[in-house]
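Contents: one structure, followed by commentary.
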Amino acid sequence: MYNVGVFYFIVKKLPNIVNSCFSNVHLVSLCYAPDLKTYGYEAILSKFVSEIKQLSVNGFTGNFPGLGSQKIYVSRLQFACDNLALNGLLGYIESFSADYFCTICYAKQAENQCKFYENEYELRLISKHFGDVAQIAFNQALTHSHGIKSDCILYQIPGFYATQNFSLDIMHIVLERIISVELSCVVYHLCRTYKKLSMSGISTHIRTL
């Protein structure tokens, strides 16, 4: 049984209500996960990157309702994946128990339980990012440099920088992690500290839903 990697794109300039329609979500490529591991993202996405580069530099001309003949330039805005896939796609380490696992900052595991605000972390910069990529290319003995383990074909797209890719995985980060942890803290204080609720009352209400 093979896992399949699927790559889609949507036109971000369109309103969200339009982009929610599957007819406006376009398939880029399909691949088997073992092939992706063997040959890498470059083999899978080289055609897509080549076409996006062409559209970014030369654009295309078309006739559009109400606009007539127009030349349109296309570029990539953001890449959205689950955490593991995004880290792999951008060339970052794929272990979230290690230091420097975040694609936005230089977070270390020791900091994650005691720092809670953005200004407490050092954010990743474009110049440092490509410095880390160069360090990996220069020293093959390194497994990663500040969480970066390899170059990424997507960096060939004009104007794309991994450090500015802010589309993160809302399901794993927010819905399955932050909300569940914070909600348990809220329920605990409402039951134990403020005595506004009881666990038996919550359980009874859940069973009747």
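Summary of values
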read-out	value
Computed label-point distance, nm, for sites L197 and K108 using a 7 Å Cα→Cβ extension	3.8
Ranked H205, H172, H144, H129, criterion: other C-beta atoms within 10 Å, fewest first	H205, H172, H144, H129
Residues in the range 104-143 that a label on H189 would reach, taking backbone N under 18 Å of a point 7 Å out along Cα→Cβ	114-117
Angle in degrees between helix 126-138 and the longest Cα principal axis of the chain, rounded to the nearest 10	70
Extension gain from Y32 to E94, taking 0.36 nm per residue of separation minus the Cα-Cα distance	20.5 nm
Per-pair calculated FRET efficiency, R0 = 25 Å: I126 and S56 via Cβ, rounded to 0.05	0.90
Proximal lysine pairs, the chain, alpha carbons under 26 Å, eight or more residues apart or interchain	19
Highest-MSF residue in the chain out of K195, K128, K108 [GNM, Cα springs under 10 Å]	K195
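Computed from the coordinates by the stated procedures, all read-outs in this text should not be read as laboratory data. Keep in mind it's a predicted model, so treat the numbers as computed, not measured. We place every Cβ from the backbone using ideal geometry, glycine too, and count neighbours over all the protein chains shown.
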